[in-house]
Amino acid sequence: MKRIFNRRTSGLVFKLVRMFIICLVSLFCLLFCSKPSDRQKDASTYAIVIHGGAGVRYREEMTSELEKEYLVELEKSLMAGYEILAGGGNSVAAVEAAIRVMEDSPLFNAGKGASFTRDGINELDASIMNGNTLRAGGVGAVRSVKNPISLARLVMEESPHVLLVGQGALAFAKEMNAEIMPDEYFFTERQWNSLQRRLKEDIPYGGMLPPEKNDSVTSGKSYGNEDLYETVGAVALDKDGNLAAGTSTGGRVKKRPGRVGDSPIIGASTYANNKTCAVSTTGLGEKHMVLLTGKEISSLLDHKGLQLKDAVHDVILKQLVSIGGEGGAISIDKQGNIAWAFTGNGMYRGFVKPDGKFVIKIYED
Ligand code: ASP
């Protein structure tokens with residue numbers, strides 16, 4: 001009887017010890033063996049980074065009032081994205097919201113403040129990409145659409161296509177009930193004067209020299225100032241560990257009607273992939289388009305195991321410059337690391353992390 005009791009007791013003890021060990025191992029696995037993306041979810045790491053172009057005014061021409069106006073708009077844009085992320089919204093929505101703020105401002109070369117073609121019209125480019133699904137949407141040389149970034153999102157989510165241009169993009173916008181504005185809405189004196197100056201002085205298109213002299217195209221500083229860049233973009237990581245990127249622009253002043261730059265081209269400017277990072281560029285589109293800047297940064301992470309900062313610096317400061325390009329890029333990776341680089345005297349830019357503290361900069365660090 002005693003022996004039976006002892007056997008039963010030791011059996012029970014054995015089962016208890018076994019259960020205890022199983023629990024311990026499960027707990028250990030939960031804590032240390034989960035994938036980085038799962039850990040990210042637990043840690044609620046999220047962030048948004050924005051840019052308003054890499055061709056900033058020279059310091060001596062930036063009045064304190066104007067600087068304040070830029071800072072206010074950049075903060076509004078960051079906060080629009082941050083509120084979505086903090087509330088558990090997704091990175092695509094955050095990127096769209098942040099870019100819409102800058103598109104609605106006359107300060108940036110996108111949406112309302114878009115530059116003019118040589119014929120005095122506004123043709124807009126934009127794109128957005130979801131790093132989780134690898135779906136993307138873009139619009140090129142589209143007129144009259146108040147928020148091209150939202151139209152790009154509609155292309156991504158409501159059409160089977162990636163890129164719609166010109167009249168076709170406008171027809172799609174109308175079909176989707178996107179907001180359409182009259183030509184006057186897009187008129188800003190600054191952009192108009194910039195075009196007139198370019199037309200009168202016969203300055204080469206967008207600062208580009210004829211092909212045979214292309215080698216000497218180096219930095220934005222050589223082209224004067226006001227009408228440089230100011231394309232806008234955003235990249236974000238949400239609480240679920242999903243990345244997204246977006247870019248919007250009026251393109252280069254005095255461009256030929258129908259010219260499409262890098263901003264709506266997935267991989268050239270906008271690129272997002274949960275495996276690697278999210279990128280948005282600004283600068284001479286014709287150079288980003290042959291370098292495939294966004295995809296190149298992602299590939300350096302993917303295939304060469306580079307850290308985000310090293311990849312961004314390599315592509316912008318070495319590769320882009322080596323082909324006569326100029327401009328900049330912002331990026332964020334799946335761990336929430338942030339990196340940016342630019343070739344000129346500054347880039348309107350900023351980021352905000354979960355604590356709500358934001359960083360905004362215009363000139364060099
Ligand atoms: N990348 C834009 C374009 O070439 C210009 C810019 O960034 O300002 O259209």
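What distance in nm separates the simple spin-label points at Glu67 and Gln335, each placed 7 Å from Cα in the Cβ direction?
3.5 nm
When a footprinting reagent is the concern and you count Cβ atoms within 10 Å, what order do Thr270, Thr63 take, fewest first?
Thr63, Thr270
Excluding residues on the same chain fewer than 8 positions from Lys287, give the aspartates and glutamates whose Cα lies under 14 Å from its Cα.
Asp215, Asp262, Glu296, Glu326
Which of the peptides 140-151, 252-263 is most tightly packed, and how do the rest follow, judged by the mean count of other Cβ atoms within 10 Å per residue?
With the highest mean Cβ count within 10 Å placed first, the list reads 140-151, 252-263.
May I ask you to compute the full-extension gain from Val290 to Met181, defined as 0.36 nm times their residue separation minus their alpha-carbon distance, rounded to one decimal in nm?
Result for the pair: 35.9 nm of gain on full extension.
In what sequence, highest mean first, do 89-102, 316-329 appear when ranked by Cβ atoms within 10 angstrom?
89-102, 316-329
Could you rank the peptides 348-356, 52-60, 173-181 by their average count of other C-beta atoms within 10 Å per residue, with the highest value first?
Averaged packing, sorted descending, gives the order 52-60, 348-356, 173-181.
Extending each Cα 7 Å along its Cβ direction at Lys174 and Lys318, get the distance between those two points in nm, one decimal.
5.1 nm
Among Leu78, Leu237, Leu170, rank each residue by its count of other Cβ atoms within 10 Å, from fewest to most, as a rough exposure measure.
Ranking Leu78, Leu237, Leu170 by Cβ neighbours within 10 Å, fewest first, gives Leu170, Leu78, Leu237.
At 0.36 nm per residue, minus the direct Cα-Cα distance, what do Glu364 and Lys304 gain on full extension? Give it in nm, one decimal, please.
Additional length available on full extension: 18.8 nm.
Compute the FRET efficiency between Arg197 and Arg256 as 1/(1 + (r/R0)^6), taking r as their Cβ-Cβ distance and R0 = 22 Å, and round to the nearest 0.05.
Using R0 = 22 Å, I get an efficiency of 0.80.
Could you give the length gained on full extension between Arg135 and Ser44, defined as 0.36 nm per residue of separation minus the Cα-Cα distance, in nm?
30.4 nm
What ³J(HN,Hα) values, in whole Hz, does the Karplus curve 6.51 cos²θ - 1.76 cosθ + 1.60 give for segment 139-152 when θ = phi - 60°, with x put for Gly and Pro?
With coefficients 6.51, -1.76 and 1.60, one gets 10, x, 6, 9, 9, 6, 8, 4, 10, x, 5, 6, 5, 4 Hz.
Once you have a ≥ b ≥ c as the square roots of the Cα gyration tensor eigenvalues for segment 262-365, tell me rounded if a/c is under 1.5, and otherwise prolate or oblate according to whether a/b is larger than b/c.
In terms of gyration-tensor shape, oblate.
Every read-out reported here was derived from the displayed coordinates using simple, explicitly stated rules and does not represent laboratory data. The shown structure was predicted, so the numbers you read here are calculated from the model rather than taken from an experiment. Neighbour counts are summed over all protein chains in view; Cβ atoms, including those assigned to glycine, are modelled from backbone coordinates with ideal geometry.
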